[in-house]
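Working notes, beginning with the structure itself.
Please treat every number below as a calculation from the coordinates, not as lab data. Fair warning: this is a prediction, and the values are worked out from it, not measured in the lab. Neighbour counts are summed over all protein chains in view; Cβ atoms, including those assigned to glycine, are modelled from backbone coordinates with ideal geometry.
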Amino acid sequence: PGPIYSFVLKYILPAIIKLKGATNGVKGIKIVRGRKIWELEPYATKDAVAAVYIPSTGIVDPYEVTVALIENAKMNGVDVHLRTEVVGFIKEDDMVKGVVTNKGTFLCRYVVNAAGVYADEIAELAGAREYTIHPRKGVEILFDKEVGEYVRHCLAEIRLPTPKRTKGGGINPTVHGNIIWGPTATEIPDKEDTSVKKEEIELILTRYSTIIPDFPKNKIIRYFAGVRAPTFTEDFIIRPAKWVKNFLHVAGIQSPGLASAPAIAEYAVECLKNMGLKLVEKHDFNPHRNPIPRVSEMTLEELEKKIKEDPKWGNIVCTCEMVSEAEIIEAIKRGATTVDAIKRRTRAGMGTCQGGYCTLRVAEILSRELGIPLTDILKEEGKLFNGPVRGEKI
Ligand SMILES: Cc1cc2nc3c(=O)[nH]c(=O)nc-3n(C[C@H](O)[C@H](O)[C@H](O)COP(=O)(O)OP(=O)(O)OC[C@H]3O[C@@H](n4cnc5c(N)ncnc54)[C@H](O)[C@@H]3O)c2cc1C
């Protein structure tokens, strides 16, 4: 590249990004150049000429966030119906009077349609379809904790021209110390298509290698895909339905829908108020929720104390992530009934061996605690075993 291009990359682009961020209310943005880049990120490419450092950037564990919110809502009196599919609505004139599900009908005063990629089909069932969701797949690659030291911050490369349909993706640390690369952005016809193709893996590895060229790319432990739910306007749709008075759309929530979730919720509450919902403040609202204690985060003294209370804290079921039998039992007490539900709550099966060692042990604990045969244990929606299990009476 010529000197003008280099000047733009080094001075103009970072300044524009800083200005845009500041205009959006992001505080503390700094432009860093030269050795400061490698003080922050020792393994970043030596070709980097400038970087925009945003200290307020945060990462979360999306499973923990969701489970924590559900548990807190339940503590505060909310009924949660998992594995309950909406199949229709009972309507009177331009109002929904009931939500019909595979587990019965729920009478209602208001309906919030937050059905992700299916929001358009749910809206249609209520006679309120005003948009179409066109699914967009994103593939991610997860690396072992062993290479966690290679990345300290969320890293994205400024690309010219900027891609229109994605935030751009990049290389990120996870809260548990893994490194994740991705996602891609591919338009797909099938909302359930979470397949991962060889070319998609290659695309991610090639695209992001320029950020950290020496990253040990052979330390992949998992790749997977999710499907975003954009509409053709590419914007969130949070508004009352035009033709159904008590039906609120919270649709088209594509990336960054998780980061935006608290603001979306506040906005949705305002919409419901404007639609006539009378809200009374709950004075005994409990804002706290205690997470499941993790052996992996305990000091030896804390662990010894726990084991004295209950030896199951000392029985390590998942050795990669150091998850004890007691944590798994606690997750079951809090409502987990499948192997994947245990995995998302405790991290059993999320480590280097990806469940090779602990899956059967988790299934045995589930079987014992729930009082159901091993052959009936579910992975997520389907059965874990596709036939009889040796030693199990059927
Ligand atoms: C690869 C990828 C990477 C992403 N990265 C980020 C990121 O870095 N930061 C960020 O902020 N966001 C990110 N997102 C976006 C984020 O995941 C979504 O915006 C967010 O999950 C949307 O939440 P939601 O509650 O609207 O929809 P969903 O999480 O899809 O929830 C919809 C729910 O509705 C249920 N449902 C659907 N139909 C029915 C029915 N008929 N009956 C009953 N229930 C039904 C579904 O089971 C599901 O539980 C990413 C998305 C993908 C795919």
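Screening the stretch 1-47 for residues that are of a type in the set (Val, Ile, Thr) and touching a residue at least 60 places away in the same chain (Cβ under 8 Å) and picking the one that is farthest from residue 213 (Cα to Cα) gives 17.
Tell me which residues, restricted to the stretch 13-66, are closer than 18 Å to residue 150 by Cα, of a type in the set (Phe, Trp, Tyr) and out of contact with any Asp or Glu (no Cβ under 8 Å at 6 or more places or on another chain). 38, 53, listed by residue number. A search for C-beta distances below 7 Å between a residue of the stretch 134-145 that is closer than 27 Å to residue 177 by Cβ and outside any strand (DSSP E or B) and any residue that is hydrophobic (A, V, I, L, M, F, W, C) and more than 12 Å from the ligand (Cβ to nearest atom), counting only pairs 6+ apart in sequence or on different chains, returns 144/221.
Annotation note: of 259, 265, 185, 225, the sole residue that is under 24 Å from residue 111 (Cβ atoms) and of a type in the set (Gly, Ala, Ser) is 265. Just one residue in the set 348, 341 is surrounded by 21 or more Cβ atoms within 10 Å (Cβ to Cβ) and touching a Cys at 6+ places or on another chain (Cβ under 6 Å); that residue is 348.
Conditions tested, residue by residue: (1) surrounded by 19 or more Cβ atoms within 10 Å (Cβ to Cβ); (2) among the polar types (S, T, N, Q).
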position: 178; (1), (2): yes, yes
position: 210; (1), (2): no, yes
position: 220; (1), (2): no, no
position: 224; (1), (2): no, no
position: 236; (1), (2): yes, no
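Among the residues of this structure, residue 264 does not count as one that is within 15 Å of the ligand (Cβ to nearest atom) and crowded, with 20+ Cβ neighbours inside 10 Å. The strands (runs of 3 or more DSSP E) found wholly in the stretch 53-111 and carrying at least 1 residues that are within 11 Å of the ligand (Cβ to nearest atom), among the hydroxyl-bearing types (Ser, Thr, Tyr) and more than 18 Å from the chain's Cα centre (by Cα) occupy 95-101.
Flag not set for residue 50, criterion: more than 30 Å from residue 333 (Cα to Cα), surrounded by 11 or more Cβ atoms within 10 Å (Cβ to Cβ) and free of Cβ contacts under 8 Å to residues at least 12 places away in the same chain. Taken over the stretch 221-238, residues that are out of contact with any Cys (no Cβ under 9 Å at 6 or more places or on another chain) and more than 16 Å from the ligand (Cβ to nearest atom) amount to 1. Filtered by the rule that a residue be polar (S, T, N, Q), within 29 Å of residue 22 (Cβ to Cβ) and touching a His at 6+ places or on another chain (Cβ under 9 Å), the stretch 34-75 gives a lone residue, 57.
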